[in-house]
Amino acid sequence: MSVIGEEEVRGSGSKAIFKEISADDEDQRPTVIESLCMSCFQNGTTRLLLTKIPFFKEVIISSFTCDSCGGSNTEIQSAGKIQEKGVIYTLAVKTKQDMNREVIKSDSATTRIPELDFEIPPFTQKGSLSTVEGLIDRAVSGLEQDQALRKATAPEVAAKIEEFIEKLIKLKDVETPFTLIIDDSSGNSFVENPFAPQKDEALTVTHYKRTTQHDVQLGLKVEEEEEEQVEEKPGSTIEDMRNEVLQFNTNCPECNAPASTNMKLVQIPHFKEVIIMATNCDSCGHRTNEVKSGGATEKQGTKITLHITDPSDMTRDLLKSETCSILIPELEFELGMAAVGGKFTTLEGLLKDIKHLIVSKNPFTLGDSSNPDLAGKLQLFGKKIDQIIALELDAHIVLDDPAGSSYLQNVYAPDPDPEMKIEHYERTFEQNEDLGLNDMKTEGYLD
């Protein structure tokens, strides 16, 4: 749907086009358009209403209904331009009357309830014209959407979400006051002041200057693709990069909703620099982390063997690169490189990831073609992993990395660890081939 331009809004006919919402105005009727339903692909009906919100601005309200499948949705778009400054509305909800306040939330608005540590990120929902209670109901509906699937696949996650949904629903009774914050970098969101034009003691409105990142998100600026030359100045060194977390926008690999990935350069003591990348999706809760080596491939491969003897061994920091394979001799188990990707975790976290990969996500134990004998063996393997974590089974874990980019914490550093053995070895031709080193030319490549 195209947004009406600024000149058209402010032109001579703007008073006739945009009228304040009123039940007494018989001429204020929506425009009805026949349109396609994206659920059943039958024709439905879209109604457009060009109106003006008192003490706010002109907006376009659209409502779609489909008689074939019963589908419906509503949207709201600003009919004016993006404002010069962003705006933050902070509402202290103390009574049930506050739940009936009208709220306009644009696409670019972030909604937060600090008391529940709850946030709806920008560009994850369409703009809406609703009330405070309506915003909460919409959030509850979004969380309930995939609960049936979660209860079948991840009951613990489903239980936590169910508990959080109950907390959101209790907010509607306003038994205890809470705070609603709407932060919109476009400046086109709005929370009703029922006392206007007088001041509302429960509502605080703050305007702020947008950052460059805000302008990029709103499409006002194009993100510069050219890499800036890093000048060697005092206070502008690699050391500054170690103290900075870089963030860039991406999409969630699970639900494809907009998400953010954080990247940081970390110096691991007595080892090397690595790059840690973490993605967290606020829409579905999916979280991933990935580790990349920040330096060159080592001249020799590294083999780390740890004898697990103490519960504290489970808390050792562990860096597993994509080129590292894992062995547990007591279980006659070997996991090839890249099977669980690059990870920065603890020894216990790695063992749990192995159990999840082998037992829970194994495709040969699912469906009609599953083998009961194999499933039984894998369940037994999972129990042995649990025994190793609980120190009920004596075991060794071996990290074999031909690139030399994996690490296991030495709790006795800088002294040798009596339970850990580190071996360096010359790579074979096949290992160099897997790493792409045999055909790599680093000298005279311009000749």
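The values are calculated or read from the model by the stated rules, or taken from the named source; none is laboratory data. Model, not experiment: these values are computed from the prediction. Glycine gets a Cβ as well: all are built from the backbone with ideal geometry, and neighbour counts include every protein chain shown. These accessible areas exclude ligands, DNA and RNA; they are computed on the full protein's heavy atoms, side chains included. Shrake-Rupley method; radii C 1.70, N 1.55, O 1.52, S 1.80 Å.
Some points to look at:
- Protein-only accessible surface at a 1.4 angstrom probe places the residues 138, 29, 210, 47 in the order 29, 47, 138, 210, largest first.
- Charge tally around residue 35: other residues with Cβ under 14 Å, Lys/Arg +1 each, Asp/Glu -1 each, net -2.
- Accessible surface, 1.4 Å probe, highest first, among residues 207, 356: 207, 356
- Computed from the Cβ-Cβ distance with R0 of 22 Å, the FRET efficiency linking residue 154 to residue 250 stands at 0.45.
- Per-residue surface analysis assigns residue 123 an accessible area of about 80 Å², computed on protein heavy atoms at 1.4 Å probe radius.
- What the Cβ-Cβ distance of residue 163 and residue 312 gives, at R0 = 51 Å and to the nearest 0.05, is a FRET efficiency of 0.95.
- Rounded to the nearest 10 Å², the accessible area of residue 32 at probe 1.4 Å: 90 Å²
- Nearest-0.05 FRET efficiency for residue 84 and residue 199, computed from C-beta distance (R0 25 Å): 0.65
- Cβ-defined net charge surrounding residue 128, 13 Å radius [Lys, Arg +1; Asp, Glu -1]: -3
- Among 176-182, 331-337, the order from most to least packed when residues are scored by Cβ within 10 Å on average: 176-182, 331-337
- Accessible heavy-atom area order of 327, 246, highest first, probe of 1.4 Å: 246, 327
- 5 angstrom amide H check on residue 333, placed H, neighbours 5+ away: 328
- Of 343/421; 264/352; 299/377; 170/355, those spanning more than 29 Å from alpha-carbon to alpha-carbon: 299/377; 170/355
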